[in-house]
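The values are calculated or read from the model by the stated rules, or taken from the named source; none is laboratory data. Keep in mind that this is a model prediction, so the values were computed, not measured. Note that we place each Cβ from the backbone using ideal geometry, even for glycine, and neighbour counts take in every protein chain shown. For accessibility, only protein heavy atoms count, side chains too; no ligands or nucleic acids. Shrake-Rupley method; radii C 1.70, N 1.55, O 1.52, S 1.80 Å.
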Amino acid sequence: MTATVLPGSRFAVARQVADAVLFEGYVLYPYRASAAKNRLRWQFGVLVPPAWGPAHDEHSFQRTELVMEPRGAATLAVELRFLHAQRRTVEEARPGGSFTPVPELHLPDRVLVPWDEGTEERVEMTVPVAELEEGEVCLPFVRPARQEIEPVLGADGREVGRLVRRTERADGVLRLRAEQLDVPYRAFKLTVVVENTSDWTPKADGSGGANRDAALPRSLVAAHLLLGLSAGSFLSMTDPPEWARASIATCANLHTWPVLAGEPGSADVVLSSPIILEDHPGIAPESIGAMYDATEIDEILALRTAALTDQEKREARGTDARAAAVIDLADTMPPEVLERLHGAVRALREVTDPGAPGPDRIPELFEEDAVFKPETPWWDPAHADPADPARDRILIDGTSVGPGSRVLLRPGLRRTDAQDLFLRGRAAQVEAVLHDVDGGVHLAVTVEGDPGADIRREQGRFLYFQPDEVAPLEDV
């Protein structure tokens with residue numbers, strides 16, 4: 001086994017999407033540390049120290065399993081990427097050369113505040129597939145504790161303060177093995193495990209929030225993998241050849257999901273991420289750059305960011321260098337670039353035979369009743385009560401359902417996506433009953449047992465289902 005720097009071209013295309021995974025949710029609009037959305041950090045792919053995870057419904061490892069067809073003396077290239085949280089404190093200069101921690105340090109162009117920054121880390125290796133056949137290959141890694149001090153200069157060039165960044169030690173291990181499959185072709189089930197092996201333990205008398213704050217700097221945040229074969233190919237997890245379907249069904253992916261990446265049509269690169277993606281995901285060519293809040297709403301984020309007050313922009317610039325870059329991007333965007341964000345059609349196909357039948361259609365997808373509507377909409381004066389998410393209720397199968405009710409999720413084909421289907425059969429709690437301007441009714445829910453439920457509730461981010469996609473459960 002040899003550790004090496006991987007060829008840049010192998011993962012170049014896939015890394016664009018991997019960057020979006022790495023920084024998804026890193027800092028949210030309005031990009032200020034004081035915003036409620038930015039007080040609860042690090043939500044995706046967080047691998048915590050083992051002593052913290054089990055008791056708090058968080059994970060210390062992720063496992064990727066998939067099928068590959070290596071050719072000849074193929075080698076496997078592996079790149080683990082994650083963010084390492086470092087705690088930044090702000091100190092103000094005092095007479096005599098001393099410094100004192102402060103909650104804010106005001107500068108002409110920004111307001112510096114304490115903040116947890118994320119530094120990108122990579123663990124890279126290559127290993128011959130033949131070596132993986134012989135047994136498990138392990139690569140332990142350590143990111144040592146460190147401290148950095150950055151002076152802060154005022155408009156006159158004098159030192160008015162400093163930023164102190166402290167990074168805790170993070171330990172982990174990569175475990176790889178390959179098992180030859182009993183199929184007509186030379187194929188293997190590849191298993192890659194990423195594990196946080198930190199020996200840190202929380203204080204017995206600390207609160208949960210304080211302990212998680214202490215655990216995060218020792219965690220692997222937004223952990224994901226890039227895998228590449230020098231010769232051969234990986235098989236799609238969602239569209240494998242018929243001979244491999246049974247083998248694919250035995251693959252157990254925990255806390256991550258592998259998809260084919262790289263150039264469309266290629267199969268020699270895989271991205272395994274904590275965010276569910278489809279094969280060959282890509283960044284929209286219209287995208288102007290990373291905005292961290294999401295990957296599909298650049299236009300509205302750019303407009304809202306440009307509309308922030310000067311004081312809000314100063315706070316955002318002082319929160320994080322990446323937030324400052326978003327502010328500058330929105331402030332300097334030419335109108336023609338903003339216009340380009342207004343919409344794009346991706347699904348057009350060439351018509352060679354006007355009489356040819358179109359693709360199969362889900363019959364109920366575009367029907368008028370695709371969205372549940374009550375007989376009397378909320379805005380109609382005849383409605384018994386005005387819409388109020390805090391107290392509104394709706395009858396489902398003869399049962400009154402509203403905030404606090406428990407329901408069984410049963411999404412169907414219409415109006416749904418892959419992530420909704422994964423939740424079929426799960427119990428959820430209704431957080432609000434919402435009405436749209438067209439009279440449609442939507443249930444905002446959080447899934448029971450979801451470790452991120454409290455975060456979703458705090459930020460007002462819920463999952464949404466139609467009343468006919470749930471069944472009432474007995475309230476507790």
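Values for this structure:
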| read-out | value |
| --- | --- |
| Answer residue from segment 228-242, given it is of a type in the set (Ser, Thr, Tyr) and assigned to a loop (DSSP other than H, G, I, E, B) and is farthest from the chain's Cα centre (by Cα) among those | SER230 |
| Qualifying positions in segment 145-161 - modelled with pLDDT of 95 or more and not in a strand (DSSP E or B) | ALA145 |
| Search result, residues across segment 94-114 that are part of a loop (DSSP other than H, G, I, E, B) and surrounded by 13 or more Cβ atoms within 10 Å (Cβ to Cβ) | VAL102, GLU104, LEU107, ARG110, VAL113, PRO114 |
| Residue match in segment 406-419 (condition: at pLDDT 90 or above, open to solvent by 20 Å² or more (accessible area, probe 1.4 Å), part of a loop (DSSP other than H, G, I, E, B) and within 29 Å of LEU28 (Cβ to Cβ)) | no |
| For GLU91: the one exception among (1) open to solvent by 30 Å² or more (accessible area, probe 1.4 Å); (2) assigned to a strand (DSSP E or B); (3) touching a Phe, Trp or Tyr at 6+ places or on another chain (Cβ under 8 Å); (4) not β-branched (Val, Ile, Thr) | (1) |
| Criterion violated by PRO7 - all others in (1) modelled with pLDDT under 95; (2) in contact with a Ser or Thr (Cβ under 6 Å, 6 or more places away or on another chain); (3) open to solvent by 40 Å² or more (accessible area, probe 1.4 Å); (4) not charged (D, E, K, R) satisfied | (2) |
| Some residue of segment 125-137 being part of a strand (DSSP E or B), farther than 23 Å from LEU216 by Cα, open to solvent by 40 Å² or more (accessible area, probe 1.4 Å) and touching a residue at least 24 places away in the same chain (Cβ under 8 Å) | yes |
| Failed criterion for VAL152 (all others in (1) more than 19 Å from LEU66 (Cα to Cα); (2) in contact with a helix residue (DSSP H, G or I) (Cβ under 8 Å, 6 or more places away or on another chain) hold) | (2) |
| Among the candidates THR250, THR295, THR305, residue that is at pLDDT 90 or above and either more than 20 Å from ALA178 (Cα to Cα) or out of contact with any helix residue (DSSP H, G or I) (no Cβ under 8 Å at 6 or more places or on another chain) (or both) | THR250 |
| Residue among ALA73, ALA35, ALA55 that alone is surrounded by fewer than 21 Cβ atoms within 10 Å (Cβ to Cβ) and under 27 Å from ILE288 (Cα atoms) | ALA35 |
| Candidate set from segment 436-476 (those that are more than 28 Å from ARG41 (Cβ to Cβ) and either basic (Lys, Arg) or open to solvent by 50 Å² or more (accessible area, probe 1.4 Å) (or both)); member that is modelled with the highest pLDDT | LEU473 |
| Subset of segment 158-205 (residues that are buried (at least 17 other Cβ atoms within 10 Å of the Cβ) and aromatic (Phe, Trp, Tyr)) | PHE188, TRP200 |
| Positions within segment 266-283 being over 24 Å from VAL192 (Cα atoms) and more than 17 Å from the chain's Cα centre (by Cα), in sequence order | none |
| ARG186 being modelled with pLDDT under 95 and closer than 20 Å to GLU69 by Cβ | yes |
| Test: residue in segment 142-152 that is more than 23 Å from LEU216 (Cβ to Cβ) and out of contact with any Lys or Arg (no Cβ under 8 Å at 6 or more places or on another chain) | no |
| Residue within segment 376-393 that is open to solvent by less than 90 Å² (accessible area, probe 1.4 Å), in contact with a Ser or Thr (Cβ under 7 Å, 6 or more places away or on another chain) and either modelled with pLDDT of 75 or more or within 25 Å of TRP115 (Cα to Cα) (or both) present | no |
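Quick grid of which residues meet (1) under 18 Å from ALA12 (Cα atoms); (2) part of a helix (DSSP H, G or I); (3) open to solvent by less than 30 Å² (accessible area, probe 1.4 Å); (4) touching a Lys or Arg at 6+ places or on another chain (Cβ under 9 Å):
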site	(1), (2), (3), (4)
LEU216	no, yes, yes, yes
LEU226	yes, no, yes, yes
ALA244	no, yes, yes, no
CYS251	no, no, yes, yes
SER272	yes, no, yes, no
ILE283	yes, no, no, no
MET291	no, no, yes, no
ARG304	no, yes, no, no
GLN311	no, yes, no, no
